[in-house]
Structures are given as structure tokens and as C-alpha cells.
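Here's the structure, in C-alpha cells; my notes come after.
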Amino acid sequence: MTKTLTLLRRSVIKGIAAAALGIAAFSAVAHAEDKPEVLRIGTTAPGHLKFVLARHNGAFEKEFAKDGIKVELVAFTNGGGEALTALATGAIEVTYTGNNPALRAAAKGADVNAVGLSSFTKNSSTTIIVLKDSPIKTLVDLKGKKVAYLPGTVRHSVFSKALKLVNLTTDDVDSLNLDFAASGPALIRGDVDAIVESDSSTSKLIESGQARVLLDSNKYPEWSAPYIISVNGEYARKYPDIIKRLLKVDIQLARWADANPEDTIKIFVEETKTSEKSVRSTYEGGKFYQDPRITPEALKALKEEEAFMKEAKLLKGAVDYDTWIDTSYLDKAYKEVDANQ
């Protein structure tokens, strides 16, 4: 059984601190060369769809239980940057995140690899919201105002793209680094003027009539880019079969979702406590876009996102796609899954 996410997050943070002190990343992971003791899988809260399905049905635990490998699932509340730091330092082995933190880690030369897609939906599911009676009517009105969002995330990128529509940048607003647990109440109190967050998070404030949408990124499908499954490079090289098997489970979860759309929506709503209306909007028509293949279309979108991040000064360095993306594990996973169909 997995530990509670709160306890797991504490252990992960301790792991990051230990790595920073120079303790070998795998001293607590690998007991034998051919089999690790633990596989720690992260996600950005409230959770990417396949991660949520796996948490619900224990898919990862079932896959590795026969080997005595303990699976720990960790939800990071402070965005993908926190998750990628944990990954790069060896505090976790795999993580599901947005494209922005994954691209930044790759550009910095971190020993991480993109091994598949978490998803490639045709929207970025981000909203900019203000209080219902706010005097802010357009994006231009955000100039000089207090806006809360998590820097370095997909939300940050979407906000930058939105401001660019009206010839503004994030330098023109008073940016506050807050997750929704803090920014939601802050908006209601009037401590911030606007929030940039996922539509699943902001939906309750909208539906309750406390807030209204200033911008819905779903109206700009060209802003979307794939979300990424990333692995710690050293762990993957040491245990390639573990990564292949994890991706086999991922493929099966994606196919199960497509075959069971209503059950998938029900599970996601229950597990994440988000609005069913919002979830159905994100996955309109029961289309989940969870196939982990890194297609030419996905690669093009990632490169376009990287170019925008550079222009908006959200990224330093450059991504070496030949080094960063490694589809070898996924190719083997597909062969085995399809052979057993």
C-alpha cells in the first residue's frame, strides 16, 4: 500500500535535502543491481489522469508487487519545478509534469529523460479569474495588479502568452508565488486581484458565483503542448526493465480510459475533488489524449513551447532533444503490450 501523500511528500523533501548534501542518490534505492527496493512516482497536484487512475486501482503497485518492489506515489503541490527537482536529485524516479518544468530541466542539462507523454490534450486548461464584481474587465486592466500563480509552470507560460496579446509581460504585473490553496482564499479576501490556475481548480469559485473568467486558454488551442513523463537518467540506465514495465502500465491505463470514458471521468472527479463540469470540459466528448507516444506533432509543439519560453525569458539554455528524449523504453513497452492483445 502507498503511504499518505503528506507523509510521502515529507520523505521526498528529506530526500532532496540529502541529495544536496552529497549523499548518493541511490543509496536508499538500489539494494541489488537487477532490482530496486522502491519506485517513487510523482505528479503535480491534484494529479495527471493516468497517475490518478493508477492511484485509484493500484495499477503500479500490482505490476511490481510480485518482485517485492515498493511503489510510492507523491503529489507535489508547488508545481512541476518541485517535482523535477526531486527527480533530478534522485528523491523520486519518475514524474508526470507539464512541459515547462520538463523543458527547463532539460535545458539545464539535468540527468533526466522524457520517455513518453503524460497527455497531449488540445487545450492547456488554464483560466485567469477575478472576483465577480472586480473592476478588471480586460487583460489590459491587469497592469500593476496583484496576480497569483506558480512560476515556472504551464500556468506561467499561458499567462505570459495571454499578456502578450495586449502587449504586456509579467513585468507589468505584481506577480505573487502562490498555489491555489493560498491564492483562492486570497482572491476572496481581496488580497490579490487575479489568479492564474487550472480550470479544475478555479471551477468551484466560478460555479459558486464568487469569481468570473477573464480568460479561458481553451479558446487558444495553439497554446497547448504535451505534458511529459520524465525519468531520472541514472535510475533508468540502471533499471531499464522497470521503466519499460511502468510504461506498459501507462499504455494500458490510456487504453482503459478510452474504452471506459464515463468511469474515467467519475474516478477523476472523485479522486481529485474537482468539478465534473470542468473535467468534462477538459476531456470534451470523452477524448482523453493519453497515448504516451512522442509523435512528430508532439515534438513540434514542444519545440515551439521552448522557443516561446526563451522569448518570454522563462528558460535558460537550450534543449538537446536527441539526448533528452529517449523512446527506447516506450518502443519495447508497446511491443509487449500489443503482442499480448
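Just the residues that are open to solvent by 70 Å² or more (accessible area, probe 1.4 Å) and either in contact (Cβ under 8 Å) with a residue 12 or more places away in the chain or within 20 Å of the chain's Cα centre (by Cα) (or both), please, taken from region 238-254. Full working, then the answer.
First, the residues of region 238-254 that are open to solvent by 70 Å² or more (accessible area, probe 1.4 Å): 241, 252.
Residue satisfying the conditions is Gln252 alone.
Need the failing condition index for Ser183 against (1) of a type outside the set (Asp, Glu); (2) over 30 Å from Ala298 (Cβ atoms); (3) crowded, with 23+ Cβ neighbours inside 10 Å; (4) out of contact with any Leu (no Cβ under 9 Å at 6 or more places or on another chain), just the number.
Against the list (1) of a type outside the set (Asp, Glu); (2) over 30 Å from Ala298 (Cβ atoms); (3) crowded, with 23+ Cβ neighbours inside 10 Å; (4) out of contact with any Leu (no Cβ under 9 Å at 6 or more places or on another chain), Ser183 comes up short only on (4).
If you go through region 63-81, how many residues are buried (at least 20 other Cβ atoms within 10 Å of the Cβ) and either out of contact with any Lys or Arg (no Cβ under 9 Å at 6 or more places or on another chain) or among the β-branched types (Val, Ile, Thr) (or both)?
Number of matching residues: 2.
Evaluate the following for Tyr235: is it open to solvent by 30 Å² or more (accessible area, probe 1.4 Å), of a type in the set (Phe, Trp, Tyr) and either farther than 29 Å from Leu131 by Cβ or touching a helix residue (DSSP H, G or I) at 6+ places or on another chain (Cβ under 6 Å) (or both)?
Details: open to solvent by 30 Å² or more (accessible area, probe 1.4 Å): no; of a type in the set (Phe, Trp, Tyr): yes; either farther than 29 Å from Leu131 by Cβ or touching a helix residue (DSSP H, G or I) at 6+ places or on another chain (Cβ under 6 Å) (or both): yes.
Here the answer is no, as Tyr235 does not meet what is asked.
Go through region 139-153 residue by residue and tally those that are assigned to a loop (DSSP other than H, G, I, E, B) and modelled with pLDDT of 95 or more.
Going through region 139-153, the residues assigned to a loop (DSSP other than H, G, I, E, B) turn out to be 143-145, 150-153.
Okay, now just the ones that are also modelled with pLDDT of 95 or more, so 143-145.
Selection size over region 139-153: 3.
So which pairs qualify, if the first residue must be in region 293-318 and charged (D, E, K, R), the second must be buried (at least 17 other Cβ atoms within 10 Å of the Cβ) and part of a loop (DSSP other than H, G, I, E, B), the Cβ gap must be under 6 Å, and the two must be at least 6 apart or on different chains?
Glu305/Ala225; Glu306/Val319
Out of Leu39, Leu53, Leu7, report the one residue that is at pLDDT 50 or above and either farther than 25 Å from Asp263 by Cα or assigned to a loop (DSSP other than H, G, I, E, B) (or both).
On the way: Leu53 fails: either farther than 25 Å from Asp263 by Cα or assigned to a loop (DSSP other than H, G, I, E, B) (or both); Leu7 fails: at pLDDT 50 or above.
From the options Leu39, Leu53, Leu7, the qualifying one is Leu39.
Here is a list of conditions, (1) outside any strand (DSSP E or B); (2) in contact with a helix residue (DSSP H, G or I) (Cβ under 8 Å, 6 or more places away or on another chain); (3) more than 30 Å from Glu234 (Cβ to Cβ), and His156 meets all of them except one; can you say which number that is?
(3) is the only condition that His156 fails.
Looking only at residues in region 130-166 that are farther than 18 Å from Asn218 by Cβ and of a type in the set (Gly, Ala, Ser), which one is most open to solvent (accessible area, probe 1.4 Å)?
Gly144
Given (1) part of a helix (DSSP H, G or I); (2) open to solvent by 50 Å² or more (accessible area, probe 1.4 Å); (3) touching a strand residue (DSSP E or B) at 6+ places or on another chain (Cβ under 6 Å), where does Val213 come up short, assuming only one miss?
With (1) part of a helix (DSSP H, G or I); (2) open to solvent by 50 Å² or more (accessible area, probe 1.4 Å); (3) touching a strand residue (DSSP E or B) at 6+ places or on another chain (Cβ under 6 Å) applied to Val213, the lone miss is (1).
Of all residues being of a type in the set (Phe, Trp, Tyr) and over 15 Å from Ala102 (Cβ atoms) in region 284-317, which is least open to solvent (accessible area, probe 1.4 Å)? Just the residue, please.
If we filter region 284-317 for residues that are of a type in the set (Phe, Trp, Tyr), which is where we start, we get 288-289, 308.
After this cut, where a residue has to be over 15 Å from Ala102 (Cβ atoms) as well, the list is 288-289.
Working: Phe288: 2, Tyr289: 97 Å².
This residue is Phe288.
For Glu222, only one of the following conditions fails: (1) part of a helix (DSSP H, G or I); (2) at pLDDT 95 or above; (3) of a type outside the set (S, T, N, Q). What is its number?
(2)
Report, ordered by the first and then the second residue, all pairs with beta carbons closer than 8 Å, sequence separation of six or more or different chains, a first member in region 56-70 that is at pLDDT 95 or above, and a second member that is open to solvent by less than 70 Å² (accessible area, probe 1.4 Å) and polar (S, T, N, Q).
Glu61/Thr2
Return yes when Val269 is part of a helix (DSSP H, G or I) and touching a helix residue (DSSP H, G or I) at 6+ places or on another chain (Cβ under 7 Å) and no when it is not. Steps first, please.
On the way: part of a helix (DSSP H, G or I): yes; touching a helix residue (DSSP H, G or I) at 6+ places or on another chain (Cβ under 7 Å): yes.
It is true that Val269 is part of a helix (DSSP H, G or I) and touching a helix residue (DSSP H, G or I) at 6+ places or on another chain (Cβ under 7 Å).
Tell me whether region 87-104 contains one or more residues that are surrounded by fewer than 21 Cβ atoms within 10 Å (Cβ to Cβ), assigned to a loop (DSSP other than H, G, I, E, B) and at pLDDT below 95.
no
Kindly indicate whether any position in region 230-238 is not hydrophobic (A, V, I, L, M, F, W, C) and not in a helix (DSSP H, G or I).
Pass one, region 230-238, residues not hydrophobic (A, V, I, L, M, F, W, C): 230, 232-235, 237-238.
Restricting the remaining residues to those that are not in a helix (DSSP H, G or I) gives 230, 232.
Checked region 230-238: at least one residue is not hydrophobic (A, V, I, L, M, F, W, C) and not in a helix (DSSP H, G or I).
Just name the residue that is modelled with the lowest pLDDT out of those in region 159-210 that are under 17 Å from Ser281 (Cβ atoms) and not in a helix (DSSP H, G or I). Before the answer, list the steps.
Here is the first cut: in region 159-210, the ones under 17 Å from Ser281 (Cβ atoms) are 197-208.
If we keep only those that are not in a helix (DSSP H, G or I) too, we end up with 197-198, 208.
Values: Glu197: 95, Ser198: 90, Ser208: 94.
Only one residue tops the list, namely Ser198.
I'd like to know if region 114-130 contains one or more residues that are more than 23 Å from the chain's Cα centre (by Cα) and not in a helix (DSSP H, G or I). Outline the logic, then answer.
Let us first name the residues in region 114-130 that are more than 23 Å from the chain's Cα centre (by Cα), namely 130.
From the residues that got through so far, the ones that are not in a helix (DSSP H, G or I) too are 130.
For region 114-130, residues more than 23 Å from the chain's Cα centre (by Cα) and not in a helix (DSSP H, G or I): present.
The values are calculated or read from the model by the stated rules, or taken from the named source; none is laboratory data. Please read all numbers here as calculations on a predicted model, not as lab measurements. Quick reminder, even Gly has a Cβ in these numbers, built from the backbone with ideal geometry, and neighbours come from all protein chains shown. Note: accessible area is taken over every heavy atom of the protein model, side chains too, but ligands, DNA and RNA are not part of it. Shrake-Rupley method; radii C 1.70, N 1.55, O 1.52, S 1.80 Å.
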